Amino acid sequence: MTDPLAEMVRLLQPTARFSKLVEGAGAWRVQRPGDGDPFYCVLLEGQCRMVVAGQPPIDLQAGDFVLVPAMRDLSNASPAGAQAAPTLPVKLGEGHFRVGRQDGAPEQRMHIGHCRFGSPDAALLVSLLPQVLHVRGVPRLATLVQWLGDETLAQRPAREVVLERLLEVLLIEALRSVGATGAGPGLALGLADERLAMALRALHARPEQPWTVAGLAEQAALSRSAFFARFTRTLGVAPMAYLLHWRMALAKRLLREGNVEIARVAEQVGYSSASTFSVAFARQVGMPPARYARQATAVTA
């Protein structure tokens, strides 16, 4: 059966931007404006407090991993630096920076990285993920971030392919750890729920099926009302809205591939006719599927 999490990460098309080692000492605070791209961090040593815009503060300890799928504004501070004025990291070497007191042994060490989702549907897909993911007690995440940092600095053959695969593994590993975290609603949390996971896997395996809330509830072995409430609470979106989002993401991918008739795309994503699909697509995307396909083909030509 289709694995929704793997399918989601493949559709996101993650690519690396940069990764660096940051160490700190004394009182320091760093403010990072964001443009909506993903940010990840693993604290290797010490303690610090991270605040992501609109979210409660996160007190990090050594070994903790944080993923922000769409970072807008973030601050990070040492235990003594909560009230300190924001400062810029000082470069010590290639991919190596220091904040706060510049002499003496570091009190905090962290690997941070920024990447980008190449999918044109990234915003829609990211809306199905937790806004912030904080994972504690999974050492392999720190190992993966270390490998990403090493590969980012190296100029070895097939570097971009390796970075892409490492990012995919990092995202999957972080997202499937969500059941043991306090992460907010999203697909990963839904997959951690045994009942909802059955419905999600069925939906992803057969998106062309004429699903209803009752049909999905049957897959989850729940009553219709219980399923609707549990799904909406856990994923942050109602079942039919989730289905629509997923069908549109799949339709966009098919249209970008070109040489696929609109009627065939409509059939593959669960619409009874090309006209019904076209109306739904235009309402969701803002343009008819034929125009979307032409524009996507022109961009890649």
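The values are calculated or read from the model by the stated rules, or taken from the named source; none is laboratory data. Just so you know, these numbers come straight off a predicted model, no measurement behind them. Note that we place each Cβ from the backbone using ideal geometry, even for glycine, and neighbour counts take in every protein chain shown. Protein only, heavy atoms only, side chains kept; ligands, DNA and RNA dropped before computing areas. Shrake-Rupley method; radii C 1.70, N 1.55, O 1.52, S 1.80 Å.
Centroid-to-centroid, using Cα positions, the range 233-264 and the range 37-57 are 32 Å apart. Per-atom-type breakdown for the range 239-294 gives carbon and sulfur 50% of the accessible area (1.4 Å probe, protein chains only). Computed from Cα atoms alone, the Kirkwood hydrodynamic radius reported for the chain is 20.9 Å. Quick check: net charge around Glu208, other residues with Cβ under 10 Å of its Cβ, Lys/Arg +1 and Asp/Glu -1? Taking every other residue near Glu208 into account, the sum is +1. Compared with the direct C-alpha span, the chain from Asp73 to Ile58 gains 4.0 nm at full extension, assuming 0.36 nm per residue.
DSSP finds beta bridges in the chain, and of those with both partners inside it, around 90 percent are antiparallel. Per-atom-type breakdown for the range 6-111 gives carbon and sulfur 52% of the accessible area (1.4 Å probe, protein chains only). Ordered from highest to lowest accessible area with the whole protein assembly present and a 1.4 Å probe, Tyr242, Tyr271 read as Tyr271, Tyr242. Across the protein chains, with a 1.4 Å probe defining accessible surface, the residues Ile262, Ile58 rank Ile262, Ile58 from largest area downward. Heavy-atom accessible surface of the chain, averaged per residue, reaches 46 Å², computed with a 1.4 Å probe. With a 1.4 Å probe and all protein chains left in place, how much of the accessible area of the range 121-198 comes from carbon and sulfur atoms, in whole percent? Carbon with sulfur: 56 percent of the solvent-accessible area.
Note on Arg165: accessible area is roughly 120 Å² with a 1.4 Å probe, heavy atoms of protein only.
Computed with every protein chain present, the accessible area of Phe228 is close to 90 Å² [probe 1.4 Å]. Loop-located GluC sites (Glu not before Pro) in the range 246-301 (DSSP state not H, G, I, E or B) with no more than 12 neighbouring Cβ atoms inside 10 Å: Glu261. Among the protein heavy atoms, those of Lys252 account for about 30 Å² of accessible surface (1.4 Å probe, every chain in place).
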